[in-house]
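Heads up, the thing below is written out as structure tokens.
The values are calculated or read from the model by the stated rules, or taken from the named source; none is laboratory data. Predicted, not measured: the structure shown is a model, and the values here were computed from it. With ideal geometry, Cβ positions are generated from the backbone for all residues, glycine too; neighbour counts draw on all protein chains shown. Ligands, DNA and RNA are excluded from the accessible area calculation, which covers all protein heavy atoms including side chains. Shrake-Rupley method; radii C 1.70, N 1.55, O 1.52, S 1.80 Å.
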Amino acid sequence: GGSWAAWMPPAVSGLSGSCVSVPCRFGYPEELRPSSVQGLWYFGSPYPKNYPPVVARSRPGAVHESFAGRARLEGDPGVRDCSLLLGPLSPELAGRYYFRGDLGGYNQYSFSEHTTLEVLEEPVLEVPPEVVAGVPAELRCRVPDSCPRQRPRVSWEGAEDLPERSERESREDSNGAGSVVALLRFRPRRELGGHRVGCQVTLPNSSLAFAAGVALDVQYEPQVLEVSGPPEVLEGAEVELGCSAEGRPPPLLSWFRGPQVLREEPGVPSLRLHLPQVSPGDSGTYTCVAENRHGRHNRSLELHVAYAPRPPVLNGSLWVVAGDPVAVTCGALSHPAPILTVARGRRVVATAVYEPQVTLEVAAATPEDAGEYLCRAENQHGGSSLAFNITVEYPPVLLPESRCTPVGEGARCVCAASAMPEPVVAFELPSHNITVAEGHRDYALATPGGVPGPGTGPGTVTGVLTLRGTLEPRLAVLCLARNAHGTARQQLRFHHPAGLVWAKVGPVGAVVAFAVVIALVCYLSQSRRK
């Protein structure tokens, strides 16, 4: 060209003990037309005033002792070739090399362009940032190929166990610096973590050998290995759940219950969840999740908290009308499920074994079905019970004790009725067109007692009517009872004790009646005698 310029690779490398050839070209102004062209190489600096070590000369002359016999300017400066051969290499030869052209007289020039030599003790093994199980991976073994008389030979060690293995070799030239690149492709498995793979380099006609290796760091998605914990515990107990997992990189471990995170720790092989005092609300599914950037995995376990039955709860109508069906459900929460019974007194009327509820059913309710019942729930951890009453509404029923009994000059009439709700009891005297009810001076209300249903007790009302003075021969007294479901009415019969006859007929009538009786007895005696 028309100016001072030089070209050489900016960087070269070589294996220790081997050699390296640095290709170099330079130019100078054409108008100089030198009769001869010489050159030399400096180490570390291009300027003679800094007294840099002389590496090699094109004409005989002194060189630095470090390069004596180890460096040669193998190019011909006369044809503008400044190529340099170095070897055998050693670490102290690593550094920057500068070329200086000498065209005679003052026409000497130190080129700022330079090459940097790197002396390697082993080949360069290039490993991808991540080796992931199941994803194809590629290792590269890069070896300098800058020594013309010693071409490297590359082989792989530890590759025979790699799945889907393939090998390939190529040569690369970057800015004049050559290298051999051996490629190893394979599909890693998680079991190959820690497996050593390396490349070995030998040089022909030499005992030199170089090797570089790496222990494979195979990354893989996490796996929950085990979750542990009791399947069932008693209420109030202390529980600890365990989870162990593996993954590369170490996963984030978390305990979940539904969507709620209970505990989590990054980069740990195991994680425990402590429940200090469990209650039935702690029953459910607990899930351990392991997660890293390559995936996610989980395992779950069921925890059941055993406890005695809670107080039973009723569902259904406890107040019905006679003839209607009855369905009362009694349920109790417990674990395990309880044995449920519904009893009336000592008689069990409904049972459910290991069920959450039992139903008492009556096709058509009668007054006799009214009363107190007991629902009891039991399992091996305890029991609880609930008493309840069923009320059956029915129309009034007049009771047998409803009658009239003469008392002195009058009579005492009783009207007893059973009904639910309690009936209103009254007396009717049709001949007088009178109704006697509560509030009348001759009416009294008896105090009830006993058991529900027809008879005495809740739902039973007894009214008493006192009749004073001489009774009419054909006096009719009606017993009347009514509630929301109906009305009952009947005429009361008179109950006459023996003494009542004398009270009715008087002294004269009594004598006549006595004579009639004597005559009748005599007649019967005569008839029998005949």
Check your understanding: Under 5 Å between amide H atoms, partner at least 5 residues away or on a different chain: which partners does THR366 have, H built in plane at 1.01 Å?
Key -> GLY323
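For the stretch 5-120, give the percent of accessible area contributed by carbon and sulfur heavy atoms, probe 1.4 Å, rounded to a whole number.
Using a 1.4 Å probe with all protein chains present, the stretch 5-120 comes out at 49 percent carbon and sulfur.
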**Study point:** Inter-label distance, nm, simple model (7 Å from Cα along the C-beta direction), ASP81/VAL268
**Key:** 7.1
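On the protein heavy atoms, probe 1.4 angstrom, tell me the percent of accessible surface of the stretch 389-428 carried by carbon and sulfur.
Numbers: 800 of 1450 Å².
The C+S portion of the solvent-accessible surface of the stretch 389-428 is 56 percent.
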Check your understanding: How do the peptides 433-443, 419-429, 313-323 rank, highest first, by the average count of neighbouring beta carbon atoms within 10 Å per residue?
Key -> 419-429, 313-323, 433-443
**Study point:** Heavy-atom accessible area per residue - the stretch 224-306, 1.4 Å, Å²
**Key:** 52
Practice item. Please report, in debye to the nearest 20, how large the charge dipole of the stretch 224-306 is about its Cα centre when each Lys and Arg carries +1 at its beta carbon and each Asp and Glu carries -1 there. Key: 420
Exercise for review: Would you mind working out the accessible area per residue for the stretch 5-120, using a 1.4 Å probe, and quoting it in Å²?
Suggested key: 48
Review point. List the cysteines of the chain that have no other Cys Cβ closer than 4.7 Å: which are they?
Key: CYS522
Point to revise | Spatial separation of Cα centroids for the stretch 270-315 and the stretch 374-410, in angstrom | key: 49
Study note, to complete from the structure: Rounded to whole angstrom, the alpha-carbon centroid of the stretch 1-70 lies from that of the stretch 196-242 at a distance of 52
Review point. Residues with beta-carbon under 11 Å from that of GLY383, excluding GLY383: net charge, scoring Lys, Arg +1 and Asp, Glu -1?
Key: +1
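Compute the length gained on full extension between ARG528 and SER66: take 0.36 nm times their separation in residues and subtract their Cα-Cα distance, giving the result in nm to one decimal. Display every interim value, and only then the final one.
Working: separation 462, 0.36 × 462 = 166.32 nm, distance 17.76 nm.
Difference between extended and current length: 148.6 nm.
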Revision key, fill the gap. Taking the chain and counting helices only, DSSP H stretches of n ≥ 4 at -39,500 (n - 2.57) each over all residues, the nearest-500 ellipticity at 222 nm comes to -2000 deg cm²/dmol
Review point. Helix 499-529 sits at what angle to the longest principal axis of the chain, using alpha carbons and giving 0 to 90 degrees rounded to 10?
Key: 70
